[in-house]
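Here's the structure we're looking at; comments come further down.
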Amino acid sequence: MTEASIHIRGGHLVDPANGIDAVTDLYIAEGRIAAVGNAPDGFTADITLDAGGLHIIPGLVDLCARLRDPGQEHKATIDSECRAAAASGITTLCCPPDTTPVVDTPAVIELIRHRASQVDGARVVTLGALTRGLLGEHLSEMAALKEAGCVGVSNALKPLASTQIERRAFEYAATFDLTVFLYADDPALSMDGCLHEGQVSTRLGLRGIPEAAETVAVARDLALIQQTGVRAHFCRLTTERAVRMVARAQFDGLPVSADVAIPYLYLTELDASEFNSDFHFIPPLRTGNDRAGLVTGLRDGTLGALCSDHQPHEADAKLAPFPATEPGASGIDTLLPLTLKLAQEEQLALGDAIARVTCGPAAILNLPCGELSVGRTADICIFDAGAHWQVTPDTLCSQGKNTPFNGWEMPGQVRYTLRNGRIIFTREAR
Amino acid sequence: MSVNLQIGEDGRLRHFLSIEGLNRALLTEILDTAESFAGVTEQSVKKVPLLRGRTIVNLFFEASTRTRTTFELAAKRLSADVLNINISASSAVKGETLLDTLRNLEAMHVDMFVVRHADSGTAHFIARHVQPHVSVINAGDGRHAHPTQAMLDIFTIRREKGPDFGRLTVAIVGDIAHSRVARSQIHALNLLNVGELRVVAPRTLIPAHVESLGVRVFHDLHEGLRDADVVIMLRLQRERMEGAMLPSEHEYYRLYGLTRERLATAKPDVTVMHPGPINRGVEMDSHVADGPHSVILEQVTYGIATRMAVMSMAMHPVTGQESHD
């Protein structure tokens, strides 16, 4: 199949990887970026998109999105979420291995790939399980998982049985040059907790998760990264102290990266103070000071990526007393708007904010996307920064309507999304 | 949200879920109403027809004898029909969700739920989902709140010490971290402008940032009891030893158990309270529990009048017809 040649005209192009922030034209041929600025010789456009007044950025790379498929299709499906992602400018979704069955065999990777290939939406890449069944006891067949295409290994939110298993898993992953994606949690300290241990958990009588549940785990993991030399990525840090620990390790030359999920940049423990289950997160929303520390880490690059940590749920999952509800929020629809809002509120320069959802996560996943260099795959998001919309269950494209941002006014509406040079989503201007 | 949830548009009690979110006038109204019912419960015919024809369901997901019994008696003395439903956690797990259980009971035209559940926030959750004419009373949710217990404790203090809480020093001793009773007492006493409010326990039993609730923290019982007008002892659960909160009951009693000697630093007319059931020789010795300062059995008696007050007030605004005077 030959892809159409596309001329995107007159848009404001922001491509952090190449340091471009200017109004210019973009040319796409055979699914790839053919030129930026002037048309290449002999270029004839099959399609011309008028991007006047619009922004053009690389398609977003979401470092963590649960698609619930296979296994929990009542919450969401690969079909529903890949379409929702396309409608939100996301062209690559990375899903953790905690599906049912777990991603610990090539067959499951193949199943996910097959289902995703049936959809005209975002591409899906998967992390493989670090241990068999994510049970934390036996190594998974990591070499086979890598050959089957997984982009890293992780034990998702599940604990490992011992530090010895963790050490061996790191060594084995390093053998095959696989990045391990870590959830920094000491399970004995976080056990049965559902909220940050602090004034809100004390007031509501909810079992708290102390800051040390994260920092103890980061300290232990860093020691084992040093010991084994594995390349590691800390997923969803939530505390200011953990960010500082990772910054120090990066300064010391350890091969570590880290990300933050976007709700943690806007919300704190105080938002959960009325038992509202939309604010039930694991790891938990922390304090205002932690929130500020995460923004600082994002700004100085300690946190190289910003992800949605998308966790769609059916309505019933949130309809119970707070501790009995399922944690997490649907986040695909709000990733780009809340990233733009960081720039609007001058917490981050626009280029830096865009980098954290494009080239930043692409580098962590070692994928050739997230930038608009000539020759790269043409994954592109074109949005209207001036268009605002309100978050309601109806305006979310994801099957999961569980959002802590209900009623919020969001900046930025995606007009076109292109993946591999093909238009996979179009929204008419209103 | 809790303010709107508990108080109707007319400013009157709609649900009774937590002390937090209520105001001093409402607390005083509850106490005054309880005072009027205290007379009823002492008569030979102990009934008033206030809630005749109403149906109250005691929905207990956690074992309880004292609280459920006093709620049941309170409802019967108000002439309501009472249904007791005890659902153990294990059978709740079997399938039906809490919301389904609720909808089924609502379909039987229930007017009030009295709810106890091991999860903090359950009463709020139920109050958010019941039909507009149904009231919810929290009989204890996890570690969050036990507001009727706090009100009967306040009622007891008012009877013992008079209505001016501003001159009182109150010490709450024991497992603050796991206590819904302590949380409700702290909110109620602060709402009534108590002079000084202390919590006394080792660090393992003091929750994070407890000062933000408006208390002074003491780790030494001797210091914590100095010049106290009221001492409230909390029950210590055996599990605390297994969770590495405490080394032994023996050491706890040695450091935090209330004895006549320890009580000597408090005011001479100190009042000693305990929400029950008491572990004799763990929280306090029998000389104190049965001694002249103890009002532990009065607390139980007042529990009925206080619960009658809360039930009649919460039912009231819905019909707007009946009056207890």
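Between A:Gln226 and B:Glu223, how high is the FRET efficiency from 1/(1 + (r/R0)^6) when r is the Cβ-Cβ distance and R₀ = 41 Å? Nearest 0.05.
Numbers: r = 47 Å, r/R0 = 1.14.
The value I calculate is 0.30.
Go ahead and set up a Gaussian network model of chain B, Cα springs under 10 Å, then flag whichever of B:Ser36, B:Ser79, B:Ser88 fluctuates most.
For chain B, modelled as a Gaussian network with Cα springs under 10 Å, the answer is B:Ser88.
Tell me the Rg and the Dmax, in Å, that the Cα atoms of the range A:18-152 produce.
Here Rg and the maximum Cα pair distance are 18.7, 59 Å.
Which value, in debye to the nearest 20, gives the size of the charge dipole of the range B:26-68 about its Cα centre, when Lys and Arg are +1 and Asp and Glu are -1 at the Cβ?
Working: 6 positive and 5 negative charges, 70 e Å.
Dipole of the range B:26-68, to the nearest 20 debye: 340 debye.
Only loop residues by DSSP count here, and only those with at most 15 other Cβ atoms within 10 Å; note down the chymotrypsin sites (Phe, Trp or Tyr not before Pro) in the range A:173-277 that meet that.
Values: sites: A:Phe176, A:Phe181, A:Tyr183, A:Phe234, A:Phe251, A:Tyr264, A:Tyr266, A:Phe275; in loops: A:Phe176, A:Phe275.
Those satisfying the criteria are A:Phe176.
Let's test this: bin the Cα-Cα distances of chain A at 10 Å from zero up to the farthest pair and state each bin's percent.
5, 23, 33, 27, 11, 2, 0
Between helix B:296-319 and chain B, what is the angle of the helix's C-alpha long axis to the longest principal axis, kept within 0 to 90° and rounded to the nearest 10?
Approximately 30 degrees, to the nearest ten.
In nm², what is the average projected area of the convex hull enclosing the Cα atoms of the range B:147-295? Spell out each step's value before the answer.
Working: hull surface 31.0 nm².
Result: a mean projected hull area of 7.8 nm².
Could you give the angle, 0 to 90 degrees to the nearest 10, between helix B:180-191's Cα long axis and the longest principal axis of the Cα atoms of chain B?
It is inclined by approximately 90 degrees.
Once the principal axes of the Cα atoms of the range B:109-174 are found, what is the range along each, listed largest first in whole angstroms?
For the range B:109-174, the Cα spread along each principal axis is 44, 26, 14 Å.
Could you please rank A:His313, B:His209, placing first whichever residue has the fewest other Cβ atoms within 10 Å of its Cβ?
B:His209, A:His313
Quick one: putting +1 on the C-beta of Lys and Arg, -1 on the C-beta of Asp and Glu, what dipole do you get for chain B around its Cα centre, in Debye to the nearest 20?
For chain B, the charge dipole is close to 260 debye.
Just to be sure I understand the model, the point goes 7 Å from the Cα along the line to the Cβ. What's the resulting A:Asp271 to A:Trp408 distance in nm?
In this crude label model, A:Asp271 to A:Trp408 measures out at 0.5 nm.
What's the angle, to the nearest 10 degrees (0 to 90), between helix A:335-344's Cα axis and the longest principal axis of chain A?
80 degrees
With each run of n ≥ 4 DSSP H residues scored as -39500 (n - 2.57), what mean residue ellipticity at 222 nm is computed for chain A after dividing by its residue count and rounding to the nearest 500 deg cm²/dmol?
Details: 13 runs with 121 residues, N = 430.
About -8000 deg cm²/dmol.
Please average, across the residues of A:267-274, the number of beta carbons from any other chain that are within 10 Å of each residue's own beta carbon, and give a whole number.
Working: counts 0, 0, 0, 0, 0, 1, 2, 8.
Counting other chains' Cβ atoms within 10 Å and averaging over A:267-274 gives 1.
Over what distance in Å are the Cα centres of the range B:7-64 and the range A:300-317 separated?
Result: 45 Å between the Cα centres.
Among A:Asp271, B:Asp227, what is the fewest-to-most ranking by other Cβ atoms within 10 Å? Present the calculation step by step, with values, prior to reporting the outcome.
Values: A:Asp271 16, B:Asp227 11.
Result, fewest neighbours first: B:Asp227, A:Asp271.
Within 10 Å of each Cβ of B:206-216, how many other protein chain Cβ atoms are there on average? If you can, show how the numbers build up before the last one.
On the way: counts 1, 8, 10, 8, 3, 2, 5, 3, 0, 0, 0.
Across B:206-216, the average partner-chain Cβ count within 10 Å equals 4.
Along Cα→Cβ, 7 Å out, is where each label goes; now give me the distance between the ones at A:Ala161 and B:Asp32 in nm to one decimal.
Each label point is offset 7 Å from its Cα along the Cβ direction, giving 6.7 nm.
Starting from the 7 Å offset along Cα-to-Cβ, what nm value, one decimal, do you get for the label separation of B:Thr265 and B:Glu251?
Label-label distance for B:Thr265 and B:Glu251, simple model: 2.0 nm.
If we count GluC sites (Glu not before Pro) as exposed when they sit in a DSSP loop and have at most 16 other beta carbons within 10 Å, what is the longest stretch of chain B that avoids them all? If you can, show how the numbers build up before the last one.
Values: sites that count: B:Glu9, B:Glu96, B:Glu322.
The longest such stretch corresponds to B:97-321.
Please list the equivalent ellipsoid semi-axes of the range B:46-191, computed as the square roots of five times the alpha-carbon gyration tensor eigenvalues, in descending order and whole angstrom.
Working through the eigenvalues yields semi-axes of 28, 20, 13 Å.
Picking from A:Gly136, A:Met410, A:Pro361, whose Cα lies most toward the positive end of the charge dipole for the protein assembly as shown (charges on Cβ: Lys, Arg +1; Asp, Glu -1)?
Farthest towards the positive pole: A:Gly136.
How big is D, in µm² s⁻¹, for chain B by Stokes-Einstein at 37 °C and 0.692 mPa s if Rh is the Kirkwood radius over C-alpha pairs? Mind showing how you got there, number by number?
Values: Rh = 20.2 Å.
Using the Kirkwood radius from Cα pairs, D works out to 163 µm²/s.
In deg cm²/dmol and to the nearest 500, what is the mean residue ellipticity at 222 nm of chain B if only DSSP H runs of at least 4 residues count, each as -39500 (n - 2.57), divided by the residue total? Please report the intermediate quantities before stating the final value.
Working: 14 runs with 134 residues, N = 325.
About -12000 deg cm²/dmol.
With +1 on each Lys and Arg Cβ and -1 on each Asp and Glu Cβ, how big is the dipole of the range A:59-365 about its Cα centre, in debye rounded to the nearest 20? Don't skip to the end; give the middle numbers.
Details: 26 positive and 39 negative charges, 80 e Å.
Computed about the Cα centre, the dipole is about 380 debye.
Can you tell me what share of the DSSP beta bridges in the protein assembly as shown is antiparallel? A percent to the nearest 5 is fine.
Details: 32 of 98 bridges.
DSSP beta bridges in the protein assembly as shown are roughly 35 percent antiparallel.
Which is the longest part of chain B that has none of the trypsin sites (Lys or Arg not before Pro) sitting in a DSSP loop with at most 11 other Cβ atoms within 10 Å? Provide the component values of the computation, followed by the final result.
Working: sites that count: B:Lys94, B:Arg238.
Formally, the longest exposed-site-free interval is B:95-237.
Place +1 on the Cβ of every Lys and Arg and -1 on the Cβ of every Asp and Glu in chain B, take the dipole about the Cα centre, and give the residue among B:Ala25, B:Gly174, B:Ala309 whose Cα lies farthest towards its positive end.
So the residue furthest toward the plus end is B:Ala309.
Mind checking which of A:His55, A:Leu254, A:Phe322 is farthest towards the positive end of the protein assembly as shown's charge dipole, using Cβ charges of +1 (Lys, Arg) and -1 (Asp, Glu) about the Cα centre?
It is A:Phe322, whose Cα lies furthest towards the positive end.
Would you kindly give the portion of the calculated P(r) for the protein assembly as shown that falls above 52 Å, as a percent of all Cα pairs? Walk me through the intermediate numbers first.
Numbers: 69144 of 284635 pairs.
Summing the P(r) tail past 52 Å for the protein assembly as shown gives 24 percent.
Coordinate-derived values only; no laboratory data. Note that the structure is predicted; figures quoted are calculated from it, not measured. When we count neighbours, we look across all protein chains shown, and the Cβ atoms used for this are built from the backbone with ideal geometry, even at glycine.
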